[in-house]
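We did not get these values from a lab; they are worked out from the coordinates using the rules stated. Because the structure is predicted, anything quoted here is derived from the model rather than measured. Using ideal geometry, Cβ is built from the backbone for each residue, glycine included, and neighbour counts are taken over all protein chains shown.
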Amino acid sequence: MVRKRTSMHGQWSSRWAFILAATGSAVGLGNIWKFPYIAGENGGGAFVLVYLICIAIIGIPIMMAEIMIGRRGRQSPVNTMYNLGIESGSTSHWKWLGWLGVVAGFLILSYYSVIAGWALNYVLETASGTFTAMNAEAVSSTFGSFVGNPMALLFWHTLFMMLTMFVVARGVSGGLEKAVRFLMPGLFIILLIMVGYALNTDEFSRGLSFLFEPNFDNLLYKHQPGGEFILNTSGEKIFTLEYVLIAMGHAFFTLSLGMGAIMIYGSYLPNRVSIAKTSFIIAGADTLVALLAGMAIFPIVFANNLDPGKGPGLIFETLPLAFGHMPGGVFFGTLFFVLLVFAAWSSSISLIEPAVAWLVENKGVQRVRASVIMGFACWLVGLLTVFSFNIWEKVYPLNFWKFKNKTFFDVLDYLTANIMLPLGGLAIAVFSVWIMSRGSSADELEMPENASAYNLWYYMTRYATPIAVLVVFGNLVGLIDF
Ligand code: TRP
């Protein structure tokens with residue numbers, strides 16, 4: 001049996017510190033910004049159901065695998081995969097899985113920071129009372145002219161990236177722990193308040209049924225975002241697993257899985273902490289936040305006759321409406337966007353941590369400098385997203401296959417969330433049960449090898465998870481053409 005390693009980058013002070021940090025990574029723009037808008041684009045209920053199933057059968061097993069691998073290796077994902085690959089009698093080429101993650105995290109952060117910048121701007125706008133008593137049209141056009149202004153987006157993107165690199169430079173197990181302790185519960189409470197507000201709109205039940213009543217036609221047939229079916233030449237609906245893939249990709253995205261973020265957080269996890277229990281807590285909290293966000297937003301959407309398939313602007317065009325009309329709206333609105341920024345902040349640091357840790361480990365670069373280098377590079381790539389909403393609104397860089405009519409932002413989002421993360425996750429699952437020995441994984445999961453909990457994880461990760469990912473994925477690459 002291998003001697004337990006320790007991480008050169010430090011360790012979480014306790015099990016709760018890890019849970020908070022990992023939940024901080026998981027809960028972010030994905031839950032509050034992305035989940036509602038993609039659920040809206042893809043018809044609600046059935047999409048949400050598939051997303052929930054993916055969390056349960058793909059997300060939780062892979063989260064356990066990632067934490068387990070991370071703690072076993074105790075290094076950046078690149079080096080962890082390298083070492084464990086050799087240690088398991090396989091090859092050092094598993095390090096490429098680490099690299100895939102580094103690239104994915106890097107690309108995600110590049111656009112994540114731009115959207116977080118929107119939230120920063122909305123802190124200011126809400127605080128200064130811009131939305132007070134505004135109607136839906138004015139709220140929409142405020143959003144439109146904001147994202148239409150490249151300089152404004154650039155400014156907030158730059159600021160957010162600096163905030164992120166500031167924390168990363170100081171080491172993630174330091175200051176972050178303390179901040180997340182207050183912010184997570186705060187975010188939760190304000191979401192409850194928003195749901196309370198939505199409860200009083202006339203359309204609360206319509207919002208709920210949109211979210212929770214599955215209509216599979218809306219999910220399984222090609223449609224315009226949020227609307228009409230696209231028909232083939234003989235006037236029939238066209239079957240596709242594309243939206244199922246989006247739901248699955250989002251399960252990875254929202255749980256921060258498939259690129260080594262949770263793996264590296266696991267590498268800072270003290271020994272003897274139960275990985276299964278913590279995974280359930282993290283996934284549960286993350287899912288709850290997303291559902292609450294949906295329950296807050298859709299009633300407002302329907303009460304104001306807005307289009308649920310509006311796309312990435314959805315929360316920025318709906319929530320300010322509520323804040324503009326509710327008592328204490330300036331206060332609650334400002335607080336909401338502040339908390340959203342913090343949620344994004346605690347997520348973004350986990351996206352770049354694998355890259356920074358690798359630079360520190362392999363190139364002997366000091367942490368501060370490593371953060372500056374990575375942050376700057378990521379900021380540069382972020383310009384692609386900055387311009388996707390204005391001067392390059394009609395620029396479609398890879399105009400083929402799944403990337404047709406997609407802006408840089410759309411391409412980055414599709415490529416990372418729907419392709420790289422599921423691929424990475426699949427490889428992590430395969431590694432943890434087909435390459436690592438049962439002895440090592442059981443030891444690291446702190447479960448006896450004959451325990452039913454262990455075997456449940458083992459067989460899910462060995463069969464159910466890869467098959468689910470492959471079927472959905474196979475449709476994408478056209479191997480399985482329904
Ligand atoms: N999970 C975060 C969110 O929902 C985003 C995020 C952070 C992420 N780290 C990640 C996504 C790693 C994928 C992989 O906002």
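Values as computed for the structure displayed
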| read-out | value |
| --- | --- |
| Residue-by-residue Karplus 3J(HN,Hα) for the range 150-155, coefficients 6.51, -1.76, 1.60, Hz, glycine and proline x | x, 5, 5, 4, 4, 4 |
| Computed [θ] at 222 nm, deg cm²/dmol, the chain (DSSP H ≥ 4; -39,500 (n - 2.57); rounded to nearest 500) | -21500 deg cm²/dmol |
| The chain: angle of helix 367-388 to the longest principal axis, Cα-based, in degrees nearest 10 | 40 |
| Ordering of 220-229, 156-165 by burial proxy (mean other Cβ atoms within 10 Å per residue, highest first) | 156-165, 220-229 |
| Tensor-based shape of the range 348-482 (alpha-carbon gyration tensor, a/c under 1.5 rounded, otherwise prolate or oblate) | oblate |
| Given charges at Cβ of Lys, Arg, Asp, Glu: the chain dipole, positive-most of Thr164, Gly129, Asn31 | Thr164 |
| Sorted peptide list for 335-348, 368-381, criterion being average Cβ within 10 angstrom, highest first | 335-348, 368-381 |
| The chain: angle of helix 465-477 to the longest principal axis, Cα-based, in degrees nearest 10 | 50 |
| Fraction in percent of alpha-carbon pairs per bin - 5 Å, the range 79-172 | 3, 11, 14, 15, 13, 10, 9, 8, 6, 5, 4, 2, 1, 0 |
| Given charges at Cβ of Lys, Arg, Asp, Glu: the range 15-476 dipole, positive-most of Ala293, Ser110, Phe146 | Ser110 |
| Which of Phe400, Val381, Val365, positive extreme of dipole for the chain (C-beta unit charges) | Val365 |
| Relative exposure of Ser267, Ser14, Ser350, judged by other C-beta atoms within 10 Å (fewest first) | Ser14, Ser350, Ser267 |
| log10 of Debye I(q)/I(0), alpha-carbon scatterers only, for the range 236-343 at 0.11, 0.14, 0.20, 0.21 Å⁻¹ | -0.55, -0.81, -1.18, -1.23 |
| Residue-wise HN-Hα coupling along the range 310-322, computed from phi with Karplus coefficients 6.51, -1.76, 1.60 (Hz; x: Gly, Pro) | 4, x, x, x, 3, 5, 6, 9, 10, 4, x, 4, 5 |
| Estimated dipole of the chain in Debye, rounded to 20 [Cβ of Lys and Arg +1, of Asp and Glu -1, Cα centre] | 1640 |
| Proximal lysine pairs, the chain, alpha carbons under 26 Å, eight or more residues apart or interchain | 28 |
| Helix 60-73 vs. the chain, principal-axis angle (Cα, 0 to 90°, nearest 10) | 40 |
| Amide H contacts of His223 (H built 1.01 Å from N, under 5 Å, at least 5 apart or other chain) | Ile230 |
| FRET E, pair Phe182, Ser205, Förster distance 25 Å, beta-carbon r, rounded to 0.05 | 0.15 |
| Spatial extent of the chain: Rg and Dmax, with the Cα atoms as the point set, Å | 21.6, 66 |
| Kirkwood-based shape ratio for the range 284-441, expressed as Rg/Rh from alpha carbons | 1.04 |
| ³J(HN,Hα), Karplus 6.51/-1.76/1.60, whole Hz, each residue of the range 397-409, x for Gly, Pro | x, 10, 7, 8, 6, 6, 9, 4, 6, 10, 6, 3, 4 |
| Cα-based shape type of the range 183-274, given that a ≥ b ≥ c are square roots of the gyration tensor eigenvalues and the cut on a/c is 1.5 | oblate |
| Under 5 Å, built H, 5+ apart or other chain: amide partners of Asn149 | none |
